[in-house]
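To start, the structure under review is shown below, and the notes come after it.
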Amino acid sequence: MLDMFFNPKSVAIIGASTDPTKLGHAVLANLAGSGFTGDIYPINPSADEILGLKVYTSVLETPGPVDLAVILIPARFVAGVLKECGEKGVKGVVIISAGFREAGADGAAREKELLDIAASYGMRIIGPNCLGLIDTFVPMNVSFAAGTPKSGTIAFMSQSGALCTAILDYALAETIGFSHFVSLGNKADIDEVSLLEAWGEDTRTNVIIAYIEGLRNGAQFIRTARKTARNMPIIAVKSGRTASGSKAVSSHTGSLAGSDAAYSAAFRQAGVLRAETVEELFDYSTAFAYQPLLKGPRIAIVTNAGGPGVMATDALEANGLTLATLTAETEATLAAALPAAASVHNPVDVLGDARSDRYTTALEAVLRDPGVDGVVVIVTPQTSTEIVETAKGVVEISRRSEKPIMGCWMGKQEAMAGIDILAKNEVPNYHFPERAVGALGAMYTHRRWLDQPEAEIEAFEVDRAAVQAVLDRVRSEGRTGIGDSEAQAILDAYGITTPRSQVLATPDEAAAYARQIGYPVVAKIASPDILHKSDVGGIMVGLENDDQVREAFPVLIQRAKQHMPDATIWGVQIQEMVTNAREVIIGMNRDPQFGPLIMFGLGGIYVEVLRDVTFRVAPMTRAQARSMVEEIRSYKLLAGVRGQAPSDLDATIDAILRISQLVTDFPEIAELDINPLLVRDAGQGAVAVDMRLILQ
């Protein structure tokens, strides 16, 4: 798939130039100098020869078939030559030319025309407004980048062409190799999903990395990435974490969520590792590309300095790893080989005067230990340190090892000779211990994701017709907000436990119903226009008798009218009071890229202050719902601390999954909050006592 881009037999450069300062010359020169063995057809109506190659006035005049065309001409002429490419039978086109959607409405119309033309001829497009692409195995460079990377097993894609040039320059300096290097530009046709599908089965690639600004179809991305990540790790940097100016929303979930939370949740579910920086992107990718995948969290540290060893140890816990406990046999081996002052416990300190043989002896000993899953080798330049010889020894051991080894040659000037040896022999090196441990942490995260069974989404028996009836009635009344009394019927239809409740029109009716369900009770204002009752003083709890209910009735009405005089008042809702339970929140905000984004966290009035919440994209598996619950910082409160009984986590997870099914079944639900869901002790269930929905 997409062989026309990654294995073409002939390439036409439309807009090839005789002027060395023009992009049309740079791209042709890159292609001619890349070692490409196929036919090259420069296209320029005003030239006869460029760089010793015969020039043609049109792609239609080339003597043989053209698999790939690269277009570098002004935007207004691109549609015409694209039609010629279609007539020629070209199947792949890279449009480097700018002046399309990124340039405004007129450019967007031109881009739409390109898509229509391509579709009519069965052509695929990369771009427009891109840097081009590089394939190191063909080999082929049809970009205007100033350099070609060495061949490797990392495939890279980016929406930003400028970032591509900076990353390529960095990779050249760090001796990082690529299999494919693609600038996506405007992504008019081929996008991240297209490349994930194409590279997922590529035997020349074992790591995919991406710079992402936005995705066109989030659900499709999750499906494709999840499948591809089973074959090779995917690592992404997503820009735009602090997108300002997002539309105001009325739910707690909407105010706490946002596009970045949706991307983080989607990446996690799809098995995509998120790097916070471009530096992390390459820290992780070189670890995966060069070393065996970490099988467990137990890490050994070999160092010639105590301080960096402590730094690495501190970093382990932050990355979900542990300091390996060495066996007595390993420690005895180390004691026999190392000076008496050395530490044979992990971290293994071979002392500042350690030469290369001491390092290799210690490294081989800890690698043989069955309780060690991976090793960080820290080298600080000291007077006795053999920088080069130690690097050569680590390289030789790494070639034989089935466990990952991360180098940490600290410093620059003195350490550089050893760092160069590691880089050329594909042993990842990190200037500081935290980065080396971070790469191992990413490996372990991917290992745990791979080890999770691919569970199916559960489907509960529900009453969809009852929900549809409520939504239809609300729509018929010209409303989009659904408050507690109406929302309760929706939750009941989806098997989520709610308290006994009823809306009453008079104080006497309210008191009579309260007696029927039993005191104490909660009284709430019932209005389709007041979704946040606590904001208007519209809730009174712990009412113990008829008199208190009768007195509360007019007070709630008065408060509502005082704060919202135009609100429609249905009456007062009397609700069974649930006690001895912990408050959590379950919510949903519909993200424009990924759809329903489910939130879970501690509930009540402090949810937006503490912000102790986690997110997932619906639908989700039971394991994903459980991980949501376990990820919040306050999880220990739910699990039970200091003699307190644990909360009913199974009932909580069940409620999350039922909400996941509800918002998947009804895409017209834009926002939803259950705040709070009162979770009783283990085995006693959970009750949704206050909820609201907003329709699209």
Could you give every pair whose Cβ atoms fall below 8 Å, whose first residue belongs to segment 282-307 and is under 15 Å from residue 409 (Cβ atoms) and touching a residue at least 40 places away in the same chain (Cβ under 8 Å), and whose second residue is part of a loop (DSSP other than H, G, I, E, B) and among the aromatic types (Phe, Trp, Tyr), counting only separations of at least 6 or pairs across chains? 283/430
Quick check on my filter: what residues within segment 526-537 are within 14 Å of residue 487 (Cα to Cα) and among the hydrophobic types (A, V, I, L, M, F, W, C)? 526, 530, 531
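Counting only residues that are part of a helix (DSSP H, G or I) and of a type in the set (A, V, I, L, M, F, W, C), which one in segment 652-676 is surrounded by the fewest Cβ atoms within 10 Å (Cβ to Cβ)?
Looking at residues that are part of a helix (DSSP H, G or I) and of a type in the set (A, V, I, L, M, F, W, C), I get 653.
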Among what's in segment 652-675 and is among the hydroxyl-bearing types (Ser, Thr, Tyr) and more than 17 Å from residue 487 (Cβ to Cβ), pick the residue that is nearest to the chain's Cα centre (by Cα). 664
Close pairs (6 angstrom Cβ cut-off, 6 or more residues apart or separate chains): aromatic (Phe, Trp, Tyr) in segment 94-111, assigned to a loop (DSSP other than H, G, I, E, B) anywhere: 100/128; 100/129; 100/186
State whether one or more residues within segment 413-426 are under 18 Å from residue 688 (Cβ atoms), more than 20 Å from the chain's Cα centre (by Cα) and surrounded by 15 or more Cβ atoms within 10 Å (Cβ to Cβ). no
Positions within segment 613-636 being more than 22 Å from residue 266 (Cβ to Cβ) and touching a strand residue (DSSP E or B) at 6+ places or on another chain (Cβ under 7 Å), in sequence order: 634
Residue 515 - would you say it is surrounded by fewer than 17 Cβ atoms within 10 Å (Cβ to Cβ), touching a strand residue (DSSP E or B) at 6+ places or on another chain (Cβ under 8 Å) and over 30 Å from residue 624 (Cα atoms)? no
Going by the conditions given, is residue 410 touching a Phe, Trp or Tyr at 6+ places or on another chain (Cβ under 8 Å), of a type in the set (A, V, I, L, M, F, W, C) and within 19 Å of residue 303 (Cα to Cα)? yes
For segment 299-334, how many residues are of a type outside the set (A, V, I, L, M, F, W, C) and within 18 Å of residue 398 (Cα to Cα)? 1
Considering (1) within 17 Å of residue 43 (Cβ to Cβ); (2) crowded, with 18+ Cβ neighbours inside 10 Å, say which one residue 130 fails and leave the rest. (1)
Wholly within segment 315-413, which helices (runs of 4 or more DSSP H) include no fewer than the required count, namely at least 3 residues that are within 18 Å of residue 430 (Cβ to Cβ)? 387-400
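Taken together, the values in this text are just the output of simple stated rules run on the coordinates, not laboratory data. Computed from a predicted structure; not experimentally measured. With ideal geometry, Cβ positions are generated from the backbone for all residues, glycine too; neighbour counts draw on all protein chains shown.
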